[in-house]
Amino acid sequence: MSEELLKVKDLHAGIDGKEILRGVNLTIRPGEVHAIMGPNGSGKSTFSGVLAGDPRFTVTSGSAFLGDTDLLALSPEDRSHEGLFLSFQYPVEIPGVTMVNFMRAAVNAKRKYLGEAPMSAADFLKLMRQKRAVVELDNKLASRSVNEGFSGGEKKRNEIFQMAVLEPKLSILDETDSGLDIDALRIVAGGVNRLRNQNNATIVITHYQRLLDYIKPDFVHILYKGRIVHSGGPELALELEEKGYDWIKQEVDGE
Amino acid sequence: MKLTQALGQYLELYRASKCSTTGALARLNRLAADAMPAAIENYKANATEPYETRLAAMFAPDYGVNINRVDIPADIAASFRCGVPQLNSLLVVVANDIFHATDSLSKNMPEGMQVKSLRDDLPEEAAAYLFESIKPAYPEVLANSLMAHDGVYIHVDRGIDIEKPVQIVNIFSSPVAMLTPRRVLIVAEENSRVRVLLCDHTQNSDVQHLNSQVVQIVAKAGAQVELYDIEESGAATNRVNTVFADIHKDARLVLNSNFLHGGVSRNEFIVNLEGDGADANLSGLGICADKQMLDTRVTLRHNCRHGNSRQIFKNALYDEARGFFGGKIIVEEGAEHTDAAQTNRNIIVSEKARMQTSPQLEIYCDEVKCSHGATTGQLDERAMFYMQTRGIPADEARRMLTQAFMADVVDNISFEVLRQRLHILVEKRLSGAAGSCETCATSCRGAN
Ligand SMILES: Nc1ncnc2c1ncn2[C@@H]1O[C@H](COP(=O)(O)OP(=O)(O)O)[C@@H](O)[C@H]1O
Ligand SMILES: [Mg+2]
């Protein structure tokens, strides 16, 4: 086992021949929280999508390992089974697929991957009940179609609920704070904190210090034009909050 | 092959052989024989229709016809169980083209109802309905009428509400290629109600069959007729199915047609709303894989005031499967306050699958509400990816999304036992359980 939970080396990726990620390097160890910040369009969602295996993006060079596992060689589902989780900036609505069927399929697919038998109905219901409590998600949502007609806050809480069920090693939260009011933010952040331990890690993608008041990062990175142009401790986020991104842009674009 | 040859071979056969029918059926055979030459002569396939399901192609193979009324062994017939158990139905088994009443039918026939073979003595009115199907525009119906020597007759008396559904299990069983003419006539008198479930199964799934089927429905004033159809036959079983329905004042028709497995299936629904306030609800789903083909045609004619019609047809096409939907709504002069809506939605799951759809509206009246829409697309890629990131394998995600896509057609079925069962059949079909009749999801054979 390597010490690193995630090791991304010189990752280049793009869409339709247009390069978006232009050499990303990032190393994350168990127990850490990393924040990735940066202006709109920098490539933050692309980075999370590429790690999760979004077929829209093409990786042109570089590598990404989760522990000893070469992520880029796996299908999105196997990346999930290996312990990667992406909380979507825009969770997808799936009309006609109920939350409960969706979660059952997810839970049992992972068990199958691990060579375990499907979960019994009783155990499954118990699991759902426990994990819902993590983000105070209403039971009524279970019979509804995935994300369909959910409020912005419900969608984000639903993401964290799924994360709680799947117990990933590495969670990437892509702007999980956007569109949340302060109560929802507290619930979501509280959920994330409860799921943290010595063995897992979290990447928090955000624009705002606000979320980082609740989920305290160990490291803060600034992604700009497809590269991590600055890394530092929690104080970097505070600096950004104060000064905005212009100085970064100047620094990079001015060269 | 030209239609003259394709259908002409059966006309020759009819003329050369001794007629096995008497009474109304013999008359039907004769009327068809008389009408056929001109009908074939004048017939023109629609320019938009696919070649595979044109009549000339469907009737082209040299099928045998069961002129001598050879029955299949009874134990084979008895070994079939339909995929809709606990139905507690009035069961009829049609083995190839031969009517078999079962105990469940003869012992439980409700008061005010008849279910019998078309070979039995028929009231004149019923015979007249059969003869009405002789229309030059439908050579396929003429071919069926020419060869029909049996069938199912269902009659419900005025005001009678039949709770138990009639279930007609169609079985194909023949060692050689065979064309099977099937007939069903349903007459619901005023304010009566009846539900009929049809299903198709094949015993020798490697042998070519052509199911030539004509269903006629008459719903008199205030009556309600529901016809459900599940096609689950072998890959070498083709079908040319024509359903005529005449819906009178304040009467209601429910027609639901499901293609789960089969070969090339052509289904035409010709529905006439004849009396004020008549109502028709048509729906169907098709799950087509391999080289299967589903062709659905609807002609829905509003010829009354305050008529209401709803249509929803959905298909999912895999592999090299093909689909065709031709839906026509005609609103005749004077059909005021018509409310008609038609929807056709298709999902192309594999790159090589194809769908062609051609909706048409012909409106000869103001004061009508008419809408139609057709879409053909792929499964939502974002939804696929989202599900995969949760660990759901691509195949299963695809199945769940297709099932979700079909769900509203099934949910729309008010016949509860069937609705529940169909949800399961669709799920099983999508998980690839029904590769052929032997392995099919319904395990209608053998299971007891
Ligand atoms: N699906 C897409 N099609 C085309 N361009 C895209 C797509 N997704 C992202 N991009 C482009 O990639 C760049 C980075 O976008 P994104 O990763 O969403 O940035 P961020 O999350 O940092 O706001 C932007 O210029 C955006 O326009
Ligand atoms: Mg983004």
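The values are calculated or read from the model by the stated rules, or taken from the named source; none is laboratory data. Everything numeric in this text was worked out from a predicted model, so none of it was measured. Cβ: placed from backbone, ideal geometry, glycine included. Neighbour counts: every protein chain shown. Side chains included, ligands, DNA and RNA excluded: accessible areas come from the protein's heavy atoms. Shrake-Rupley method; radii C 1.70, N 1.55, O 1.52, S 1.80 Å.
Descriptive notes on the structure:
- Pairing residues of region A:230-255 that are open to solvent by 50 Å² or more (accessible area, probe 1.4 Å) with residues that are among the small types (G, A, S), at Cβ distances under 9 Å and at least 6 apart in sequence or on separate chains, gives A:P234/A:A35; A:E239/A:G232.
- Answer residue from region B:329-371, given it is over 25 Å from B:L285 (Cβ atoms) and β-branched (V, I, T) and is surrounded by the most Cβ atoms within 10 Å (Cβ to Cβ) among those: B:V331
- The set of residues in region A:185-216 that are open to solvent by 10 Å² or more (accessible area, probe 1.4 Å), more than 16 Å from A:E32 (Cα to Cα) and either away from ligand 1 (no atom under 16 Å from the Cβ) or not in a loop (DSSP other than H, G, I, E, B) (or both) comprises A:R186, A:I187, A:G190, A:Q209, A:R210.
- Filtering region A:168-184 to residues that are free of Cβ contacts under 8 Å to residues at least 60 places away in the same chain and away from ligand 1 (no atom under 16 Å from the Cβ) leaves A:L180, A:D181, A:I182, A:D183, A:A184.
- Selected residue (criterion: modelled with the highest pLDDT) from residues of region B:18-51 that are open to solvent by 50 Å² or more (accessible area, probe 1.4 Å), out of contact with any helix residue (DSSP H, G or I) (no Cβ under 7 Å at 6 or more places or on another chain) and among the hydroxyl-bearing types (S, T, Y): B:T22
- Those residues of region B:364-397 which are over 17 Å from B:F313 (Cα atoms) and out of contact with any helix residue (DSSP H, G or I) (no Cβ under 7 Å at 6 or more places or on another chain), in sequence order: B:Y364, B:C365, B:D366, B:E367, B:V368, B:K369, B:E381, B:R382, B:Y386, B:D395
- Of residues in region A:107-119 being in contact with a helix residue (DSSP H, G or I) (Cβ under 7 Å, 6 or more places away or on another chain) and not in a loop (DSSP other than H, G, I, E, B), the one most open to solvent (accessible area, probe 1.4 Å): A:Y113
- Counted residues, region A:53-82 - those being more than 10 Å from every other protein chain (Cβ to nearest Cβ) and small (G, A, S): 6
- Of the residues making up region A:85-101, just one is open to solvent by less than 20 Å² (accessible area, probe 1.4 Å), more than 8 Å from chain B (Cβ to nearest Cβ) and in contact (Cβ under 8 Å) with a residue 60 or more places away in the chain, namely A:S87.
- When A:R79, A:R29, A:R56 are screened for being of a type outside the set (G, A, S) and within 14 Å of ligand 2 (Cβ to nearest atom), only A:R56 passes.
- Each residue in region B:365-408 was checked for being more than 7 Å from chain A (Cβ to nearest Cβ) and at positive phi, and 1 of them qualify.
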